[in-house]
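Trainee: Got a structure for you, written out below as structure tokens; questions coming shortly.
The values are calculated or read from the model by the stated rules, or taken from the named source; none is laboratory data. Because the structure is predicted, anything quoted here is derived from the model rather than measured. Counting neighbours? That spans all protein chains shown, and the Cβs are built from the backbone with ideal geometry, glycine included. Each accessible area value is taken on the protein alone, full model and side chains, heavy atoms only, with ligands, DNA and RNA left out. Shrake-Rupley method; radii C 1.70, N 1.55, O 1.52, S 1.80 Å.
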Amino acid sequence: TYLNDYKGEFGTAYAAILKDNIFYLGTNQGLYKTNWDELNNNKDRTVFSLIGGSEGQVWSLQNIDGTIFCGHDKGLFVIENNSLKKINSEHGVWTIKLYQKDFLLTGNYNGINIFKKNNHSWEFLKKIDLIRGSVNQIEFENDKMLWVNIPNFGLIRFSLNKDFYPVDRMIINAKNFEGDFPSLFKDAEGIHVLTSTSQYRFNPKKEKFDQQKSTLNTQKINDLLSG
């Protein structure tokens, strides 16, 4: 189904999620919602309503243990009772990842924030040291090893010790990849990087990326947007 916004009411879409038959759409004008059953190409009007307090740029939506988190230019939010509840005010939350069940990692305009679950709420714990720049992707190689993508800089591979300090860091300059806009993703074969012209697969034994000759089947990839 294609949702055509002829009137420019909800802007450019960046994220979407479906929960309890409610479809949420994050755009550059805010977070919208509609009943899933009401979406119909034959209707001559949009059926979306703006969630109060969400005005602005929405970057990401993530369902974690039944709670929808919203990464926004104005900070980190959760959806409660059809409204937004602010968790943290630091601007620019690109991506949200669950870490070891009781922690959240958010990639922000400047580094990575860690949040700890306290009963049924989330509290800011700390910002990860040594990781600077705008982190638009976080990916897990395994339970211990993480990857982050910092556009116009490169990739960083590291693990977190018990104090959430990054150790065993490996930095890979974006210039090491052919093409533009390196993007991280993971599948059954491991960690990959896709650029505008090429694809690579990380070899953990060699600790390097090998360029792949085969054509990537993008139909199997989630959360991948072409430039």
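Trainee: Tell me, what is the per residue accessible area of the chain in Å², probe radius 1.4 Å?
Mentor: 58
Trainee: While we're here: Work out the charge dipole of the chain with +1 on the Cβ of Lys and Arg and -1 on the Cβ of Asp and Glu about the Cα centre, then indicate which of VAL78, GLN100, LEU18 is farthest towards its positive end.
Mentor: With unit charges placed on the Cβ atoms, the residue in question is GLN100.
Trainee: State to the nearest 20 debye the size of the charge dipole of the chain about its Cα centre, where the only charges are +1 on K and R beta carbons and -1 on D and E beta carbons. Walk me through the numbers on the way to the answer.
Mentor: Working: 27 positive and 26 negative charges, 109 e Å.
Result for the chain is approximately 520 debye, rounded to the nearest 20.
Trainee: While we're here: Which entries in LYS175/LYS205; LYS19/LYS205; LYS19/LYS175; LYS101/LYS206; LYS97/LYS206; LYS85/LYS162 show an alpha-carbon gap greater than 32 Å?
Mentor: Numbers: LYS175/LYS205 22 Å; LYS19/LYS205 40 Å; LYS19/LYS175 40 Å; LYS101/LYS206 30 Å; LYS97/LYS206 27 Å; LYS85/LYS162 30 Å.
Violating the 32 Å Cα-Cα cut-off are LYS19/LYS205; LYS19/LYS175.
Trainee: State the percent of C-alpha pairs, over all pairs in the chain, separated by a distance greater than 22 angstrom.
Mentor: 56
Trainee: Quick one: order THR12, THR27, THR95 from most to least accessible surface, probe 1.4 Å.
Mentor: Correct descending sequence by accessible area is THR12, THR95, THR27.
Trainee: Compute a Gaussian network model of the chain, connecting alpha carbons closer than 10 Å, and tell me which residue from LEU130, LEU84, LEU184 fluctuates the most.
Mentor: Of the options given, LEU130 has the highest mean-square fluctuation.
Trainee: Pop out the carbon and sulfur fraction of the accessible area of the chain as a percent, whole number, probe 1.4 Å.
Mentor: 44
Trainee: Quick one: order LEU76, LEU98 from most to least accessible surface, probe 1.4 Å.
Mentor: The most accessible residue leads, giving LEU98, LEU76.
Trainee: So, with +1 on the Cβ of K and R and -1 on the Cβ of D and E, and no other charges, what is the size of the charge dipole of segment 100-157 about its Cα centre, to the nearest 20 debye? Please list the in-between numbers first.
Mentor: Numbers: 8 positive and 6 negative charges, 28 e Å.
That gives segment 100-157 a dipole magnitude of about 140 debye.
Trainee: To the nearest 10 square angstrom, what accessible area does TRP122 show with a 1.4 Å probe?
Mentor: Roll a 1.4 Å probe over it and TRP122 shows about 30 Å².
Trainee: Roughly how much of ASP168 is accessible, in Å² to the nearest 10, using a 1.4 Å probe?
Mentor: Counting only protein heavy atoms, the figure is 110 Å².
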